[in-house]
Amino acid sequence: MRCHVCGALMGETRTDLPFKVTERSIVVVRDVPVIQCSGCREYLLSDSVMERLDELPAAANTKADLEILTFAA
Ligand SMILES: [Zn+2]
């Protein structure tokens, strides 16, 4: 697969992604499987990963300013 931004090859890897869940709080999810560009760091998420990430704000402690979760496949 090639990057739609720069045309470089993309490969599967894992990364940490931050999500803003409310005005005051951010959830960082560790070890999220992504398909990432080797050229510009653009990344894609698969549908199943996207669905899991949609559920995460409900599981997070939104009273904390910063919550760190690990993506469980
Ligand atoms: Zn790229």
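Laboratory data are not the source of any read-out in this text; all were calculated from the coordinates shown. Everything numeric in this text was worked out from a predicted model, so none of it was measured. Because the Cβ atoms are built from the backbone with ideal geometry, glycine has one as well, and the counts that use them run over all protein chains shown.
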Quiz item: Which whole-number percentage describes the relative contact order of segment 10-70, with Cα contacts under 8 Å and a sequence gap of 6 or more?
Solution: 38 percent
Quiz item: If we count other beta carbons within 10 Å of each Cβ, what is the order of Val21, Val5, Val29, fewest first?
Solution: Val5, Val21, Val29
Quiz prompt | Leading residue at positive end of dipole, segment 10-70 (Cβ point charges), from Leu53, Tyr43, Ile26 | solution = Ile26
Self-check item: Antiparallel DSSP beta bridges within segment 10-70, percent to nearest 5
Solution: 70 percent
Quiz prompt | trypsin sites (Lys or Arg not before Pro) lying in DSSP loop within segment 1-69, provided at most 16 other Cβ fall within 10 Å | solution = Arg24, Arg41, Lys63
Self-check item: Diffusion coefficient, µm² s⁻¹, Stokes-Einstein with Kirkwood Rh over alpha-carbon pairs of the chain at 10 °C and 1.306 mPa s
Solution: 121 µm²/s
Practice problem: Would you please give the residues with an amide H less than 5 Å from that of Phe19, counting only those at least 5 places away or on a separate chain, with H modeled from the backbone geometry? | Solution: Val27, Val28, Val29
Quiz item: Using the Karplus equation 6.51 cos²θ - 1.76 cosθ + 1.60 (θ = phi - 60°), what ³J(HN,Hα) coupling, rounded to whole Hz, does each residue of segment 26-38 give in order, writing x for Gly and Pro?
Solution: 10, 10, 9, 9, 8, 6, 7, x, 9, 10, 10, 6, 7
Exercise. Compute the long axis of helix 47-59 from its Cα atoms, compare it with the longest principal axis of the Cα atoms of the chain, and write down the angle in degrees, 0 to 90, nearest 10.
Key: 20 degrees
